[in-house]
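Undergrad: First the structure, then my questions, so here it is.
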Amino acid sequence: MTPSTMQDYSLNLRPLVQFGRTVHAESKIITFTGDGYREATFAEVGDRADRLAAALTRLGVCQGDRVGTFMWNNQAHMEAYLAVPTMGAVLHTLNIRLFPDQLEYVINHAEDKVLIVDGSLAVLLAPLRDRLSSVEHIIVIGPSDATLGETLDYEALLAAEQPGFDYPDVDELAGAAMCYTSGTTGNPKGVVYSHRSTYIHSMMVTSTANIALAEADRMLVIVPMFHANAWGTPYAAWMVGADLVFPQQYLQAAPLARMIEDTRPTLTGAVPTILNDILTNAKGADLSSLRMIMCGGSAVPRALIEGYRDHFHVPIVQGWGMTETSPVAAIGNPPKDLLGVDETTWRARSGRVIPGVEIRITGDDGAELPWDGESVGELEARGSWVTGSYYNVEADDRFHDGWLRTGDVASIFPNGFVQISDRSKDVIKSGGEWVSSVDLENQLMGHPDVFEAAVIGVEDDRWGERPMACVVLRPGTHTTTAEISEWLTARTAKFWVPDRWSVIAEIPKTSVGKFDKKQLRARYASGQLPVD
């Protein structure tokens, strides 16, 4: 074997953080305050990150300790993104929408030593304070009326320190950050991202194979920073000097539209429910600064892609990934050869696998299936930023010969595009035939009067199981389920058309904005869903 002559350059976050604060010192971080905006340069934020690292060290945080953040998307959260991993600790981004028992579990399971908390969110933590066995200090940002016992003030801690922290040379395979799954079944599971995986994933976000995030861009970070590191965009933006715009808690259509008009971002990323809200309730907004919107977290309805194209003239690109994949593993940039298929159809597919990730589909017997766009099996993944295990939890059933079993049912086209048809737990088998709840939902949300739709399988004496559609109608519409059923019959297989319908005010969501079908199934079983 011929030995390499290349330098052994560690892919930890220290050089990434240093690069952004020096080479891109004048790039900006803009945080919406509700009334206006707070701005700081990368150089200023880098100095504040130094102060935070020094303050945490003074509080006894050592390499490998976990520091939890219970925060909105804002400048202070970005300071923690930079300081905590680079000082050798592990950034644990806490999901602010978890149920109290789950939140208590993940803090104790991760053994967080310090928590950094936005004052407006402290009320959610107060009832749990006495049950957080590992937490030694709670740092609060801004005013708070909650009773958390003895706390420390974020700005006072930073004011007592100086820039110029001496960051250690951390092993690139050491943990940099951790995120827990949303825990729709059982307790959430922790995924630890290494410095190396975070560095490489950040580079991929800047690639033309992904969203090509570049210095000339301004990124509006709507997807929560607790959700798989905001899809990797904060670190990638810091790496290339793209401005960052943070919305804090102002995630409704009107303030988001205002932010876009005021700050003129070129890129953003959000789950479909957020984008649907803007399309429905902010039709007069000027989104012309956006060159692209990345959408993911759940299947993106074709009608949403068409709505943004036709009304705002902004393309949506669909991404697929999981907490376990850091998260971006596939993205739906249309191929140069459309193969006789219109561009929107490619965009509506789940995405094309990106360099650095390998995918395959396997049948019930574990055998690999062909990439022919027709064979359907469980989607599996492996790669430089795909987890090989969960943090301190045995879950051998989620891994298969070194591959992560995603739980998604999918087909793969010869050019690497993935089409996810369902979650394995949501698959509907009717009379021995398979029904895709995802395809049905996308069709239903193409109806002009349907705002949202979720499809679940319910027991049926004759067919074993049949699809049931739960729909939310747009305000002011009075379409009947019989009319929607007739409309759907012309657009899908007859046996796919639901026999049961439920018109509801809102579809329950998980903590990361996905449709919570578990709740819908429970409501149906207990007779709490109105059924047509």
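Laboratory data are not the source of any read-out in this text; all were calculated from the coordinates shown. Bear in mind the structure is a predicted one, so any value in this text is a computation, not a measurement. Here the Cβ is made from the backbone with ideal geometry for all residues, glycine too, and neighbour counts use every protein chain on show.
Undergrad: With helices defined as uninterrupted DSSP H runs, which ones in the chain have an alpha carbon span along their own long axis of at least 20 Å and mean Kyte-Doolittle hydropathy of at least -0.5?
TA: Numbers: long enough: 42-58 (24 Å, -0.09).
Membrane-span-like by this criterion, though nothing is claimed about a membrane: 42-58.
Undergrad: While we're here: Could you calculate the FRET efficiency of Arg474 with Asp262 from 1/(1 + (r/R0)^6), where r is the beta carbon distance between them and R0 is 30 Å, rounded to 0.05? It would help to have the intermediate numbers written out before the result.
TA: Values: r = 28 Å, r/R0 = 0.93.
Calculated transfer efficiency: 0.60.
Undergrad: Which of the listed residues, Ala55, Leu148, Ser27, is farthest toward the dipole's positive end in the range 21-155, when Lys, Arg count +1 and Asp, Glu count -1 at the beta-carbon?
TA: Result: Ser27.
Undergrad: Moving to a separate point now. Order 454-462, 470-478, 13-21 from most to least packed using the mean count of other Cβ atoms within 10 Å.
TA: Top to bottom by mean Cβ count within 10 Å: 13-21, 454-462, 470-478.
Undergrad: Compute, for the range 132-188, the length of the dipole vector about the Cα centre, with Cβ point charges of +1 (Lys, Arg) and -1 (Asp, Glu) only. Units Debye, rounded to 20.
TA: Around 320 debye, computed over the range 132-188.
Undergrad: OK, next. Go through 481-491, 213-223 and give me the packing order, highest mean Cβ count within 10 Å leading.
TA: 213-223, 481-491
Undergrad: Next up: For the range 292-365, run through the trypsin sites (Lys or Arg not before Pro) and keep only the ones in DSSP coil with at most 10 other Cβ atoms within 10 Å of their Cβ.
TA: Lys336
Undergrad: Related question: If you place +1 on the Cβ of every Lys and Arg and -1 on the Cβ of every Asp and Glu, how big does the dipole about the Cα centre of the chain come out, in debye to the nearest 20?
TA: The calculated dipole for the chain is roughly 540 debye.
Undergrad: What does DSSP give for the chain in terms of the percent of beta bridges that are antiparallel, rounded to the nearest 5?
TA: Of those bridges, close to 55 percent are antiparallel.
Undergrad: Given an 8 Å cut-off on Cα distances and at least 6 residues of separation, report the relative contact order of the chain as a percent.
TA: Reported relative contact order: 10 percent.
Undergrad: Follow-up question, since we're still on this one. Put a dot 7 Å past each Cα toward the Cβ at Asn108 and Asp365; how far apart are the dots in nm?
TA: Roughly 4.6 nm, to one decimal.
Undergrad: Give, in nm to one decimal, the length gained when the segment between Asp532 and Leu339 is fully stretched (0.36 nm per residue of separation minus the Cα-Cα distance).
TA: 65.3 nm
Undergrad: May I pose another question? Which of the peptides 315-328, 506-519, 159-172 is most tightly packed, and how do the rest follow, judged by the mean count of other Cβ atoms within 10 Å per residue?
TA: Ranking, from highest mean packing down: 315-328, 506-519, 159-172.
Undergrad: Using r as the Cβ-Cβ distance of Ala254 and Val123, and R0 as 22 Å, what FRET efficiency do you calculate, to the nearest 0.05? Write down the numbers at each step before the final one.
TA: Numbers: r = 24 Å, r/R0 = 1.11.
It comes out at approximately 0.35.
Undergrad: Mind checking the dipole of the range 260-426: about its Cα centre, +1 per Lys or Arg Cβ, -1 per Asp or Glu Cβ, Debye to the nearest 20?
TA: 640 debye
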